[in-house]
1. In whole Å, how far is the Cα centre of segment D:13-39 from that of segment E:176-226?
2. Quick one: Karplus J couplings for segment B:111-119, per residue in order, coefficients 6.51, -1.76, 1.60, θ = phi - 60°, nearest Hz, x for Gly and Pro?
3. Which order, highest average first, do E:133-143, E:61-71 follow once you tally other Cβ atoms within 10 Å for each residue and take the mean per peptide?
4. Across the residues of E:20-30, average count of Cβ atoms on other protein chains within 10 Å?
5. Within straight cross-link reach of D:Lys80, meaning Cα distance under 24 Å, which lysines are found once same-chain residues fewer than 8 apart are removed?
6. How much net charge surrounds C:Lys108 when only other residues with a Cβ under 10 Å from its Cβ are counted (Lys, Arg +1; Asp, Glu -1)?
7. Treating each Cα of segment C:42-147 as an identical point scatterer and ignoring solvent, apply the Debye formula and state log10 I(q)/I(0) at q = 0.13, 0.15, 0.24 Å⁻¹.
8. Leaving out ligands and nucleic acids, and using a 1.4 Å probe, what accessible area per residue does segment D:3-153 come to in Å²?
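The values are calculated or read from the model by the stated rules, or taken from the named source; none is laboratory data. None of these values were measured; they are calculated from a predicted model. Cβ: placed from backbone, ideal geometry, glycine included. Neighbour counts: every protein chain shown. Calculation scope for accessible area: heavy atoms of the full protein, side chains included, ligands and nucleic acids excluded. Shrake-Rupley method; radii C 1.70, N 1.55, O 1.52, S 1.80 Å.
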Amino acid sequence: MIIPIDLALLFFIVVIAIAAITTKDLLAAIVLLSAYSFLMACVWVEMNAVDVGFTEAAIGAGVTTAFMIAALSRTARWEEK
Amino acid sequence: MIEWIAQHIVAKYNFWIAIVIMLTGLYATVAKGNLLKKLIGLTIFQTAIFLFYVSLSDVGTLSGLGLHYGTAPIVWEEGIHRGYMYVNPLPHVLMLTGIVVSAATTAVGLALVVRLYEEYGTLEEERIMEKEMEIDKRGT
Amino acid sequence: MKKLHLLPTVALISVILLGAMFVWVVEDIPAFGDPNSPPNRYVPLPISIDAEGLAGSLDAGVVPAELKTKIAEIGYTRENHFPSLEEGNYKIDKTEEGWDVLIMKEEKYYPGPEKWYFIKEDSGGKLKVYRYSIPVRWQDKTEEETELPNMVTSGLADYRSYDTMYEEAVIFTAAISVIMLLRRREKL
Amino acid sequence: MSLSTEKRIQERDVVIQTIAKLMIPFIQLFGLYVMIGTEGAGGGFQGGTVLAASFILLVVAFGIDKGRMKMPEGWNAVFKSLGLYLYAGVGGLLCIIFSLGKAEYLNYCAIPLAKIIGGPATRGFWVGNIVEVGIGVTVMAAFVSIFYDLVRKEESVEEGGAEE
Amino acid sequence: MLPIEQFPVLVVAISLLSALTILLAGWLNKKSCFYISLATITFQFILSIFILRHVLTVGTIHYWLGGWRPPWGIEYVVDALNAYVLIIILFLSLLAAIYSKRSVEHEIDEKKLVTFYTLFQLLVTGIAGVVVTGDLFNMYVLLEVCSLAAYALIAAAGGRALKASYNYLVMGAIGVCFYLLGIGFLYSVTGTLNMGDMRLLLPALYGNKAVQVAFVFILIGLSIKCAIFPLHTWQPDAYTYAPSVITVIISTAMAKASIYALIRVIFSVFTVDFITLFAPIADIISWVAAIAMIFGSILAIAQFNLKRMLAYSSIANIGYIMLGVGLSTSTTLGLTPALMHILNHALMKGCLFMAACGFIYKADLRDIRDLVGLARRMPYTCFAFLLAALSMIGFPPSVGFVTKLYLIFAALDAGKYIFIAVIFFSTLLMIVYFWHVIEIMYIRVEEKGEKEIKVADAPMSMVIPGLVLAVLCFIVGIIWLIGTPMPLMDAINSGLGLGVAVP
């Protein structure tokens, strides 16, 4: 693994995770979650966990996001408060 | 002190970052009032645990710098001759299972969220509790 | 209502407690990336005896009786369904760092020696005994036993295939749950 | 909201529909490659998810009705069960019954093929093809079914009002 | 005839295959779902009897799945504890399956029947799987199978059940995540996932902080699953609003499976030495259990909804089991009281919930105050309720009495007399709330005239399981008192390294 890349990715992951839970716009939160999952997949590929990275990119960043947006299309987009 | 930092903070930075993400996710899961937000927090929490597991499996971080290089656990004769080491495949296997389980939990949670929205017309926990109280009052 | 205002406080308290727990535990977590840590290669057994005179017998291919009893004391015996060090059951390979003890496998369809224990002389003149961790076995044998190059595939679908089966059951359950919760048609 | 109504679908961009038409066969081919190819990374989960993603793209581009035309839900139920049957039923019971109770559950060495082409090859063949395809089919069908159910809303209108 | 070693895996695998079959068969004919499910669970129950007999006569069953030996692959270990809990769980599931026929027709939309039975069978699969496995990660996966099925089944009732199910989902997911994290810590220091192997490796690492933290995490995670006192918040709602048969199976079989998991991890992986020498866990567990016993009973008194009252009573009873676990390290009785109460509570609470759901089925009576004079209208259901309630209070020679007796013995033996007072006080509270219900049902007279009262009991398929359980409450109580199953208890205790029981 290459440490500078690893650190940069992990830093972005933390930032995106915090952004995803603080934003009031749920659509934005879901897209940020997708980005979070994708960066996580990058970290794992870079840690030589190729299969896990692949699965996370497909399931975490892909399908789960699709599920969440589908569910959001039937509910409310904005968080109160 | 510097030695402690080098041993336990620098060499284990994955663990620290996993903790930070995990606690963020846990906080969101417990404290947020929005039902969908809770699920987002839950996903973050689960992913952080997977990060912890995958970090365990890796070979060739700071402690082995210059001595060992990890390679993906796919048989690769040439790489082994060049001094690469396979990383540990067991946590990968476990986490593949974990990722799919987490996606399944999220899916069931989303289905419940959709049903709750159809039932109560809101995703805020407070509103739902208010409406439940109203129903209770009307009932008695 | 009051309960809901409490929730962020409860969350903060639990987060702080958990954080403190994690900070406390960090000293004993093996360093990440250590190729010799218990999950990755060697599981240390609580055995250490004086190496004097024993190295010779290990070189000759015999595990000393003292070591055998120590290993049996831990519980690695035939009764516990772990291979024991009986005569003719094992053989010893000398490597640069120590001695590999190979034991005949008990799997019905693949008899043959596999790495089990690793004995090493440390700087204090003591013999330390290790057990090889799971991935070592997978890495060594996956080609021979399953002819699959990808260890994750062989681990997922063969060594731990039972997990995978129930994990499919989990996803099946999720799909059926969503059908039950959201689908309103007569047909499936 | 938007995914299910007919009107919106016609208003959608031609570019998206054309690109989706172009991409979907390749995505599916890639999914099958990931599922069955044993050389590199990948396996049943990833392949199944990629296949499911192709159907999700179909729904996103053309709407739920077209998606249901291409992948009916009845098939989904059969596929879901079939994948697990392949894994748990055939794989397991073949092992136990053909060895008359001597072999363990999921011990692929015991299936009759092993006597002809040898144990490791059987394991490799069984794990690499049949088990992975079983996993992939289940995962694909389950994800597609979950997505369809989460997207669809028109059902209650069709049947004349929601139940309850 | 298959060798008996194959049975533990068949118990789980056939259940899974049957769930798939139900889905496909239900497509053709909806009526067949129930019969396939019933046949499968009966078959599983028969297998579990053989397993128990084999374990007691021959010895522990070790089964290597896929033919891979323990640390490399997954192992099933069935000893006396597994077999005992397995038989309880499958017996209760069988009765719940019989009970489900009419109650599901009444409560669940006909369109959802097929998926309901599929999920029901998956729930049984998960529960049985948790009990037979010998691998920590496998237990996680199977816990997820049964939890996911349970979330959906609770939500099947619609309305308020949706919120209850959502809360359960969030709490349950957090609990399972903690469990996973605990396994991660254990794996990081021992490098194995097999329970037997870990038990051998852990003694050298008891001082290791990672092991201690792992213990705490696993304890918290599984406590959420079993609804032990401070982490019980999901439980009353879930039990109250779930469909009847699901309340029955979750409150008996699934709760017992979670408690089994907890006992297995505490005593089989970490062993008695760890919880006595390196952490005062046993005392903490006993005190938490004592608080749960009082707290659950007090809240149960405050309830007007019968199912909710029983749900809080469940919290108190889980407290009884945990008190048995907490005291087990310091008495010669060992785990006997806790193990007894696992069976006893399953019998009593199964019967009580069946009766309570019978009232809802027949007359839509949820409120305790509406039950006036019900004993004349629904005599059999009320009789079952009466027997189980008497048993819960501790009327000799019922099972509740036996539990309390043995807990008092254990507390005396351990020298912790305060818990005797707690048991008495909790019993007193139990008498208050159960007597309240019985008094309304049996003694208070309905205001309507005598003429209007007609005997209209719930259908046979719903009354008989309840009556069977109610009668068993007393028969099993006598069997406990005679001491017939003591060899089984001794086998379990010695298997877990606890004191040998005295009669």
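1. That distance is 43 Å.
2. Values per residue, Gly and Pro as x: 4, 5, 4, 4, 4, 5, 5, 4, 6 Hz.
3. Values: E:133-143: 26.5, E:61-71: 21.5.
The packing order, highest mean first, is E:133-143, E:61-71.
4. Partner Cβ neighbours, averaged per residue: 4.
5. C:Lys187, D:Lys66, D:Lys70, D:Lys153, E:Lys30, E:Lys31, E:Lys111, E:Lys112
6. Values: positive: C:Lys105, D:Lys102; negative: C:Glu106, C:Glu107, D:Glu104.
Within the 10 Å Cβ shell, the charges total -1.
7. At q = 0.13, 0.15, 0.24 Å⁻¹ the computed log10 ratios are -0.47, -0.63, -1.53.
8. On the way: 5960 Å² over 151 residues.
The answer is 39 Å² per residue.
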